[in-house]
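Undergrad: Provided herewith is a single structure, encoded as structure tokens, for subsequent inquiry.
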Amino acid sequence: MTSPDSHHPLTGEELTALVDGLAGLPYDGEAVDQRTHALQTAWLATEAGADDELVVAAALHDIGRARAVRAEHPGLPHELAGAAFARRRLSERAAWVIAQHVPAKRYLVATDAAYHALLSPVSVASLKVQGGPMDEREVAEFAAHPLAAEAVALRRWDDAAKDPDGPLLPLPALLGAHARCVAAREV
């Protein structure tokens with residue numbers, strides 16, 4: 001994916017190829033593939049009234065698992081690879097929220113007594129690898145960031161987007177949200 005235009009906004013065609021490229025890609029033993037998970041997360045964001053930029057970030061929060069993005073950022077955890085991609089091709093806001101969707105899980109486990117019970121077995125297992133609940137200092141630092149609430153919202157949509165029969169944001173709706181984001185940056 002590295003090319004002379006790698007700092008230009010992601011095109012609709014590239015977005016379609018990225019999302020469609022997630023079809024059939026396993027999601028760590030969850031009941032959905034990466035494409036279903038991405039579009040279901042975006043649908044949940046839309047239902048929650050998220051703005052276009054956050055809807056696109058929701059759809060691409062796990063894009064660091066996509067073959068092309070992994071190849072560009074070998075060895076990076078998926079949230080950091082996805083953030084690096086988003087920083088170049090989407091926006092700094094999208095990059096931060098994508099980077100923080102894993103720390104947001106750690107934050108929620110530390111601050112919401114009911115949250116841990118909502119996690120899938122796969123997510124509970126990955127929590128251990130990701131460092132477990134945040135300590136008090138980490139909680140304070142995370143909560144102080146102006147986009148922390150958006151990262152927490154994305155985390156909750158992420159956790160809920162594992163239903164093989166659940167609704168998906170239609171790709172044309174995602175493309176529309178993305179096109180509006182690109183147009184807004186060009187103004």
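Undergrad: Express in nm, to one decimal, how much length is gained between Ala149 and Ala68 on full extension, taking 0.36 nm for each residue of separation and deducting their alpha carbon distance.
TA: 26.2 nm
Undergrad: Hey, rough spin-label estimate for Glu13 and Asp165, points 7 angstrom out along Cα→Cβ, what's it come to in nanometres?
TA: Roughly 4.0 nm, to one decimal.
Undergrad: Still on this structure, I have one more. Quick one: pull the percent of accessible area on the chain belonging to carbon and sulfur, 1.4 Å probe, ligands and nucleic acids left out.
TA: 59
Undergrad: Return one whole number: the accessible area per residue of the range 88-187 in Å², for a 1.4 Å probe.
TA: 49
Undergrad: Sticking with this structure for a sec: Give me the percent relative contact order of the range 53-103, please, defined on Cα pairs under 8 angstrom at least 6 residues apart.
TA: Relative contact order, the range 53-103: 38 percent.
Undergrad: With labels modelled as points extended 7 Å from the Cα through the Cβ direction, what inter-label distance (nm, one decimal) is found for Glu141 paired with Arg185?
TA: For the pair Glu141/Arg185, the computed spacing is 2.8 nm.
Undergrad: So what's the net charge close to Ala125: Lys and Arg +1, Asp and Glu -1, counting the other residues with Cβ under 15 Å from its Cβ?
TA: Summing Lys/Arg as +1 and Asp/Glu as -1 gives +1.
Undergrad: Still on this structure: Rounded, prolate or oblate: which fits the range 36-107, taking a ≥ b ≥ c as square roots of the Cα gyration tensor eigenvalues, rounded meaning a/c under 1.5, else prolate when a/b beats b/c?
TA: Prolate.
Undergrad: Tell me, what is the per residue accessible area of the range 1-72 in Å², probe radius 1.4 Å?
TA: For the range 1-72, the solvent-accessible area averages 42 Å² per residue.
Undergrad: Show that you can apply the helix-only estimate: for the chain, add -39,500 (n - 2.57) for every DSSP H stretch of four or more residues, divide by all residues, and state [θ] at 222 nm to the nearest 500.
TA: Helix-only estimate at 222 nm: -19000 deg cm²/dmol.
Undergrad: What percent do you get for the relative contact order of the range 78-117 when only Cα pairs under 8 Å and 6+ apart count?
TA: Relative contact order here is 33 percent.
Undergrad: Same structure, new question: For all pairs of alpha-carbon atoms in the range 52-148, what percent lies in each bin of width 5 Å, listed from the first bin to the last filled one?
TA: Result returned by the calculation: 3, 14, 21, 21, 21, 14, 5, 1.
Undergrad: Here is a further query. In degrees between 0 and 90, to the nearest 10, how far off the longest principal axis of the chain does helix 92-111 point, with axes built from Cα atoms?
TA: With both axes taken from Cα atoms, the answer is about 20 degrees.
Undergrad: Follow-up. Taking the Cα centre of the range 89-187 as the origin, how large is its charge dipole in debye, to the nearest 20, when only Lys and Arg (+1) and Asp and Glu (-1) carry charge on their Cβ atoms?
TA: Dipole of the range 89-187, to the nearest 20 debye: 220 debye.
Undergrad: May I ask you to evaluate 6.51 cos²θ - 1.76 cosθ + 1.60, the Karplus curve with θ = phi - 60°, for each residue of the range 139-151 and list the ³J(HN,Hα) values in order in whole Hz, giving x for glycine and proline?
TA: Computed from phi, the couplings for the range 139-151 are 4, 5, 5, 4, 5, 6, 6, x, 9, 4, 4, 5, 5 Hz.
The values are calculated or read from the model by the stated rules, or taken from the named source; none is laboratory data. Just so you know, these numbers come straight off a predicted model, no measurement behind them. For neighbour counting, all protein chains shown are included, and Cβ atoms are generated from backbone atoms with ideal geometry for every residue, glycine included. Heavy atoms of the whole protein, side chains included, go into the accessibility calculation; ligands, DNA and RNA do not. Shrake-Rupley method; radii C 1.70, N 1.55, O 1.52, S 1.80 Å.
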